[in-house]
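Student: Questions regarding the structure given below will be posed in turn.
Laboratory data are not the source of any read-out in this text; all were calculated from the coordinates shown. The structure displayed is predicted, hence computed values, not measured ones. With ideal geometry, Cβ positions are generated from the backbone for all residues, glycine too; neighbour counts draw on all protein chains shown.
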Amino acid sequence: MTATLERPSEAGTVRRLVAGGFVSGALIAVLAATAFTAQEAVPGIAIPGPLVEYGLPVLRVLLDLAAVAVVGLSLLPKLLGFDDPDRTEPVMRRARPAAVTFAWAWAVLALVVIVFQTAELNPGLVPTPGMIAEYVDNVGAGQGMLFSAACALGYAGIGLLAVRFGEKVPAELRIVIAFFGLLPIPVTGHAVNSIWHDPIMISMELHVMGAAAWTGGLLTIVLLVAGDRELPARVLPRFSRLATLALVVVSLSGLVNGLATIALTQGVELPGALFAGEYGPLVVAKTVCVALLIPFAAHIRFRLLPHVAAGRRTAVVTWAAAELTVMGLAYGVAVALTTASIS
């Protein structure tokens, strides 16, 4: 696997391996983390059945991956540039309809997640339209998911215009809508009731947006750009600057969010809480995933990027595929963190 042009069958195999590693990593991690945090049955207290207990986090991680894909595809025009449309337009003709497809998937998954969230709050009952409406009306997580679905639907509409009219529909508009759809996602996690609530929420928003830009950008480049002979030399340096900023934001905000959430929870003390209960070990696991990403990113930027810029063959796709697999694991753990017990 190289950064240069592959034979059609080989390129298709590469794409399947990259996408498969990313998605399977996320699903394996979220299922393992959900099993780790599974509730024990208590006589007289109803708990959600396995379909809801495992189905909801799986749906959540698939929603996150669809949103990541939309963000990455939205950023692609800015990474490609607009100075050589003859070279970049064939790539964008594949990217624009893909973005619409993932936006529809994002919207549908967000609506299905609302149904499962309602079922989680009402164990043993099949959600009715009235129950779902009441849940959305009274619970911030439901409202956040509904807003996210609305943004995804709005993106799909704008994306269809982009499919028809190309870059006459501003890339900036698609980027803004995609990031707006991400903003409610942290609302579904733990809330910290203290004077630090607002700063922590802002940090969470930055964490989610930075991770989506980094992961989505890398995924899109590997799947749509890496097989070209010349475009990687143009795109990868631009993405490298974005990825470096995202790495700093994601690392710092993730560490601050996890530690602050534990430290501000009554009856819980650091550092012991990092290795007890459910939340602390998952914070450690996610931190390990992010730490593993640093050498991958550094190797691509400092060892492989100069060769790519010079037009030489490299193993950049192999390294990016490994990085994306670890990113998938991090996303799976992150979803489990939103419902893990801190104490």
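Student: I need the phi-derived Karplus couplings for the stretch 94-111: 6.51 cos²θ - 1.76 cosθ + 1.60, θ = phi - 60°, integer Hz, Gly and Pro marked x.
Tutor: Result, rounded to whole Hz: 8, 6, 5, x, 5, 4, 5, 4, 5, 5, 4, 4, 4, 4, 5, 4, 4, 5.
Student: Shifting gears a bit: Residue by residue through the stretch 199-212, what is 3J(HN,Hα) from phi via Karplus (6.51 cos²θ - 1.76 cosθ + 1.60, θ = phi - 60°)? Round to whole Hz and write x for glycine and proline.
Tutor: Going residue by residue, I get x, 5, 5, 4, 4, 5, 4, 4, 4, 5, 5, x, 5, 5 Hz, with x marking Gly and Pro.
Student: Something else: Among rounded, prolate and oblate, which fits the stretch 210-343 when a ≥ b ≥ c are the square roots of the eigenvalues of its C-alpha gyration tensor, a/c under 1.5 means rounded, and a/b larger than b/c means prolate?
Tutor: On the way: a/c = 3.11, a/b = 2.85, b/c = 1.09.
It comes out prolate by the Cα gyration axes.
Student: Using only the alpha-carbon atoms of the chain, report the extent along each of the three principal axes, biggest first, to the nearest angstrom.
Tutor: On the principal axes, the chain reaches 65, 43, 40 Å in Cα extent.
Student: Quick one: putting +1 on the C-beta of Lys and Arg, -1 on the C-beta of Asp and Glu, what dipole do you get for the stretch 33-189 around its Cα centre, in Debye to the nearest 20? Show your work: numbers first, answer last.
Tutor: On the way: 9 positive and 12 negative charges, 100 e Å.
Roughly 480 debye for the stretch 33-189.
Student: Here is a follow-up. Using θ = phi - 60° and the Karplus curve 6.51 cos²θ - 1.76 cosθ + 1.60, what whole-Hz ³J(HN,Hα) does each residue of the stretch 283-295 get, with Gly and Pro shown as x?
Tutor: 3J(HN,Hα) across the stretch 283-295, in whole Hz: 4, 4, 4, 5, 4, 4, 4, 5, 4, 5, 5, 4, x.
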